[in-house]
Each structure stands twice: as C-alpha cells, then as structure tokens.
1. Could you say whether any residue in the stretch 218-226 is assigned to a helix (DSSP H, G or I) and within 17 Å of E178 (Cβ to Cβ)?
2. If a residue has to be open to solvent by less than 70 Å² (accessible area, probe 1.4 Å) and within 30 Å of D225 (Cβ to Cβ) to count, how many in the stretch 104-131 make the cut?
3. Could you identify the single residue in L188, L205 that is more than 18 Å from W60 (Cβ to Cβ), assigned to a helix (DSSP H, G or I) and at pLDDT below 95?
4. Being without any contact (Cβ under 8 Å) to a residue 12 or more places away in the chain and either open to solvent by less than 20 Å² (accessible area, probe 1.4 Å) or closer than 18 Å to Q113 by Cα (or both) is the filter here, so list the residues in the stretch 68-101 that pass it.
5. What number of residues within the stretch 218-249 satisfy the criterion of being at pLDDT 95 or above and among the acidic types (D, E)?
6. Considering each of I242, I234 in turn, give the residue that is open to solvent by less than 50 Å² (accessible area, probe 1.4 Å), closer than 17 Å to I137 by Cβ and either out of contact with any Ser or Thr (no Cβ under 9 Å at 6 or more places or on another chain) or of a type in the set (K, R) (or both).
7. Select from the stretch 149-171 the residues that are within 16 Å of L67 (Cα to Cα) and either surrounded by fewer than 18 Cβ atoms within 10 Å (Cβ to Cβ) or of a type in the set (D, E) (or both) and write down the one among them that is farthest from the chain's Cα centre (by Cα).
8. For the stretch 4-42, enumerate the residues that are at pLDDT below 50, open to solvent by less than 70 Å² (accessible area, probe 1.4 Å) and in a loop (DSSP other than H, G, I, E, B).
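The values are calculated or read from the model by the stated rules, or taken from the named source; none is laboratory data. This structure is a prediction, so every number in the text was calculated from the model and none was measured. Here Cβ is always computed from backbone atoms with ideal geometry, including for glycine, and neighbour counts include all displayed protein chains. The area values use the complete protein model at the heavy-atom level, side chains included, leaving out ligands, DNA and RNA. Shrake-Rupley method; radii C 1.70, N 1.55, O 1.52, S 1.80 Å.
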Amino acid sequence: MAEDPQRNFRSHYYEKVGFRGVEEKKSLEILLKDDPLDVEKLCTFAQRYPLPSMYRLLVWKVLLGILPPHYESHSTVATFRKEQYQDLLQALQVIRFVQDSTPQVWVYLRMYQLESGTLPRRPSHSLEPEDVVFIAIAEAMEEMVENDVDAYWLVKCFVNQFNNKYGDSVPHLPKSLEHYLNLEDSKLLIHLKTSLAMSKLPYDLWFMHCFAGCLPETSVQRVWDKIISGSCKILVFVALEILLTFKMKLMAMNKAENIAQFLQNVSVTHHNAALLCW
C-alpha cells in the first residue's frame, strides 16, 4: 500500500511544532478500546512511543498485572487490591511497625516486607541494600501517583518485575555501557578508564534505582515505560547520554572520586536523544 503523503506531512508537522505524540495518542486509544486488552500490543506500543500521561497509569497497571486485561473485572480487582492494602496496613499498625507519623514510603516498604516474609524483627533494624532500592523507587512513584493504594501496588509490582525479569541482566549493564561508549566516544572511555572512574560510576543509581532521584519526573516516567513494557536496555542508553552530555566536564576531571561525585549529584534533562533513539 502506498504511503499517504498527507499523513506523513501531518506527522512531520506535529513533530516539528512539538506535538509528536498526537497520532501516537490516537493509536493508543484504539488499542485501549480492545476488550480484553491486548497486552502484547500495549507492550509493543510502549517500547516504540512514550505513553500519554492520561493513560500511563492504566497501561502500567495492566502490564504489571495489577489489573486484568478484561475491563469488566477492573472494578472488582481494584476493590480487592484496596482491601489487601488495608489489611496489610492494619496488621502493621497492630504490631506497631507503622504509626500515623510513619512516612508513606516506609509504609510501602513494611507492607512489601510483610507480604514477602522479610519483615525484620524490629522497626529499627538497619536497611538492606534492596530496601534502599525499594524506597528510592517508592519515593519517585509517590510523586507520580496521588492514590496511596495505587502507589503501593505499582511500586511492589515494578520492583518484583524488575528483579524477576532483569535480575540476571543488571550485573552486565556496566559492561554494555562500556561497549556503547566505546562506539560513541572512545576518547571519553579511555579518559574514564585512565582515571579509574569506570568502576566508580553511580551504577546503583542508574541501573538499580532506574534513575529514580536522578532524572526529572517526566523523564523517569518515560524510562519506566520501557522497563515496564519489557526491556531494561534503555537504562544503558540513558546512562550513555548522561556521559556524552557532560563529556567536557568529565574530561576536565582526573580523579575517579570527583567524577563519581559529579555524576552522583547531577540531574539532567538531556535524556531525550537516548529515548528517541530507542
């Protein structure tokens, strides 16, 4: 079938004036009319395009298994999720692990620990590394979602999916970053290696926290669209974009500690190139 030149011109115009997502939004709305929802098609869409903000939470819930593909079951399942949340909260209050003054992200953590059988004997018990990751994800999710019940289920299922699906891949992401950096800018890679900085880059912040607390909220959402829909490789490309964006500053630093500290504290908005190339 021949391409429609009018459609192509319209798409080009939308993108040029900043409305790149207009036709993508229409395509997603067509997918969301399916009943049951086609999870595979939703995953494909989210891999190719950023999700429109008005539909993001619905798509995330379906892809993470919080809601089923059948619309007729959404209300019943949502009520069940809320009851589970209330039961967990009440149990934690009874054993005095949470109080009214407990920060909400800590409430989510204790709920998660209670469900997974990892609740410590005392609330004062020091955090494990995976707890720190959970809290970082929860803090970012709390900024995106107004409803506490939704926030908890999204954090819980996001963390579970990430660990189960990408747990074996995450240790290899630094090597993958090194590979792509060598292709894009070998001089920068040599400098980072010479400075002994490659092993000190903030890999936990980038690859375990999934850029929570590092990128602006809208940027994190776009990164998480890709993770939730089936790929963690976007983490490598965003990390690569950060290194390339701050190349001049990094090249001026010769100490690994200074480079690591700079990247640990930097908050960038120049992620679009990485996301658009994905």
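1. No, there is no match, as no residue in the stretch 218-226 is assigned to a helix (DSSP H, G or I) and within 17 Å of E178 (Cβ to Cβ).
2. 13
3. Answer to the selection: L205.
4. Once the filter is applied, which keeps residues that are without any contact (Cβ under 8 Å) to a residue 12 or more places away in the chain and either open to solvent by less than 20 Å² (accessible area, probe 1.4 Å) or closer than 18 Å to Q113 by Cα (or both), the stretch 68-101 yields E83, Q84, Q86, D87, Q90, Q93, V94, I95, Q99.
5. Going through the stretch 218-249 one residue at a time, the tally reaches 1.
6. I234
7. V149
8. V17, G18
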